[in-house]
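The values are calculated or read from the model by the stated rules, or taken from the named source; none is laboratory data. Predicted model only: the values in this text are computed from it and were never measured. Every residue, glycine as well, gets a Cβ built from its backbone with ideal geometry; the counts of neighbours run over all protein chains shown.
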Ligand SMILES: Cc1cc2nc3c(=O)[nH]c(=O)nc-3n(C[C@H](O)[C@H](O)[C@H](O)COP(=O)(O)OP(=O)(O)OC[C@H]3O[C@@H](n4cnc5c(N)ncnc54)[C@H](O)[C@@H]3O)c2cc1C
């Protein structure tokens, strides 16, 4: 068995993990583990950009106001203020590190700022339509070059090592067990502070814009370690993800609807005007709900987004990436409509933390999409999430730098003496598909008590089977992820069942009204 020890261990190499690593590395020995490549995670796929108050005609109060409106009464105002007030500093930091944001020399900031749905100003700084990739590749180079950062790619964290697990007093985290996927063995990694920067849980749904890494690992690990979760029922769905067997997670930008794209049923009937007077230009959640309604009503696999009536040159000029990607799959969008489905896009809830990223377990932090700081409330304002990764990441780093190291206890090696090789791996792939399908059908965009209860029953059965598998067989990447997916699914359903109203992203047919008083859904693990 290999054992490693760092001052600080970071699990996940998205923008949250990278921010922490770079802020800590001057003074601490940092271990950064990531279950695939350094650059694989939602951060690299972010297209639109990062919201920040940069323009002098914009104001902190307006950005806060827009965030609170989107959050439908559930945002934490202190958190929102803290993040928005620090937004300019975070962008300055990225610019200093060399992130190539799109420039506009005629603008007072020197950068081109765009505007997105829900924002009252142009305040989204971006690098063309691939902001995330520009940010993570720039920061990734610094990470690789830093002598105090040990990067371990293809290591997947399995579970946190806590005082409870070690039979000690208190509620503290001392590190993690992780599977070295290449070497195929489990190692123990000890650290004074452990940070969950493991992203969201979009893969819990059949259709998602998220990369394969988004399996809720951090949420599930934190929950098992004794952390509360908040607002897990609020899952943001993007209305139009390409539906094609050979294309996973490809977004069809909202700009296609903005430029006149029409949503149609397979027989060509336009349906959005029956749902909302703004038709295709209604907000994201309204369009997603309408598509979901039509798909369920007619038993469809997808609907169609049609921009083919515009001149081919217009389409090719405005949507070069979408045009090229669809054409590769045999869909010429200048001639035919694009098959689309709504898809899980962002996990608004997560492990409950304070403004320094601290969870309920001492020595354990959660930063980025894995966390629930209160910024997103019941619906995330576009482009606020990358901002949150950086600001809470920096605050967590400051807290860690100010804290005193503890004496780490002896930690036992991972014990796999009682397990054997799995006899039937098909159980894992079958359960994986069943879970994601059940979540899509019963815990999607429109919910009912009956559907949620049906999902919970399925999840309980799946959970029993997966836990039995986990106890008896050698651990694999897929088994670790499936165990976490099913745990996260259960937290989403239990939270949804507790909300007796419709608010923000949570819409229940049994409770269509919004209650006058907004309250958070917080689940506490039993000891
Ligand atoms: C298609 C798309 C477009 C988006 N566009 C925008 C946008 O324009 N603006 C915006 O603000 N937000 C956008 N978002 C949301 C935003 O990208 C994410 O919320 C944000 O990147 C989350 O960052 P993170 O660091 O928390 O997680 P991620 O970037 O997802 O990183 C998580 C990391 O953890 C690793 N990991 C997970 N589990 C484990 C484990 N068990 N062991 C080891 N490593 C693990 C993963 O491999 C990965 O490296 C978009 C999201 C998507 C999917």
Task: Failed criterion for residue 336 (all others in (1) within 26 Å of residue 408 (Cα to Cα); (2) assigned to a loop (DSSP other than H, G, I, E, B) hold) - done: (1)
- [ ] Answer yes or no as to whether residue 316 is more than 29 Å from the chain's Cα centre (by Cα), surrounded by fewer than 13 Cβ atoms within 10 Å (Cβ to Cβ) and at negative phi.
- [x] no
TODO: Could you tell me which of the residues 475, 492 is surrounded by 20 or more Cβ atoms within 10 Å (Cβ to Cβ) and at pLDDT 95 or above?
DONE: 492
Task: Selection from the range 296-322 of residues that are part of a helix (DSSP H, G or I) and at pLDDT below 95 - done: 296, 297, 314, 315, 316, 317, 318, 320, 321, 322
Open item on the list: Just to check your reading of the model, which residue among 381, 375, 351, 386 is in a helix (DSSP H, G or I), within 30 Å of residue 217 (Cβ to Cβ) and either in the same structural domain as residue 262 (by TED's automatic domain parsing) or touching a helix residue (DSSP H, G or I) at 6+ places or on another chain (Cβ under 6 Å) (or both)?
Closed with: 386
TODO: For residue 46, state whether it is within 13 Å of the ligand (Cβ to nearest atom), out of contact with any helix residue (DSSP H, G or I) (no Cβ under 7 Å at 6 or more places or on another chain) and closer than 21 Å to residue 285 by Cβ.
DONE: no
Open item on the list: Just checking, does the range 56-68 include any residue being near the ligand (Cβ under 9 Å from one of its atoms) and not in a helix (DSSP H, G or I)?
Closed with: no
Task: Condition broken by residue 73, with the remaining ones in (1) on the phi > 0 side of the Ramachandran plot; (2) out of contact with any helix residue (DSSP H, G or I) (no Cβ under 7 Å at 6 or more places or on another chain); (3) within 13 Å of the ligand (Cβ to nearest atom) satisfied - done: (3)
TODO: Can you confirm whether the range 255-264 contains a residue that is assigned by TED's automatic domain parsing to the domain that holds residue 163, at pLDDT 95 or above, in a strand (DSSP E or B) and crowded, with 24+ Cβ neighbours inside 10 Å?
DONE: no
TODO: Within the range 311-330, identify whether any single residue is within 12 Å of the ligand (Cβ to nearest atom) and within 25 Å of residue 290 (Cβ to Cβ), and answer yes or no.
DONE: no
Open item on the list: For a quick check of your reading of the model, give me the residue pairs whose first member lies in the range 355-366 and is in contact (Cβ under 8 Å) with a residue 40 or more places away in the chain and at positive phi, whose second is in a strand (DSSP E or B) and buried (at least 24 other Cβ atoms within 10 Å of the Cβ), with beta-carbon atoms closer than 6 Å and at least 6 apart or on different chains.
Closed with: 357/365; 363/173; 363/193
Open item on the list: Residue pairs, Cβ under 6 Å, 6 or more apart or interchain, first in the range 203-221 and within 6 Å of the ligand (Cβ to nearest atom), second assigned to a loop (DSSP other than H, G, I, E, B) and modelled with pLDDT under 95. List them.
Closed with: 209/249
- [ ] Could you tell me whether residue 271 is touching a helix residue (DSSP H, G or I) at 6+ places or on another chain (Cβ under 7 Å) and closer than 26 Å to residue 41 by Cα?
- [x] no
Task: Qualifying residue in the range 145-161 (condition: within 14 Å of the ligand (Cβ to nearest atom) and more than 25 Å from the chain's Cα centre (by Cα)) - done: no
Task: Selection from the range 381-424 of residues that are closer than 15 Å to residue 369 by Cα and away from the ligand (no atom under 16 Å from the Cβ) - done: none
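Table: residues versus (1) in a strand (DSSP E or B); (2) under 25 Å from residue 506 (Cα atoms); (3) touching a strand residue (DSSP E or B) at 6+ places or on another chain (Cβ under 9 Å).
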position: 232; (1), (2), (3): no, yes, yes
position: 237; (1), (2), (3): yes, yes, yes
position: 240; (1), (2), (3): yes, yes, yes
position: 274; (1), (2), (3): no, yes, no
position: 277; (1), (2), (3): no, yes, no
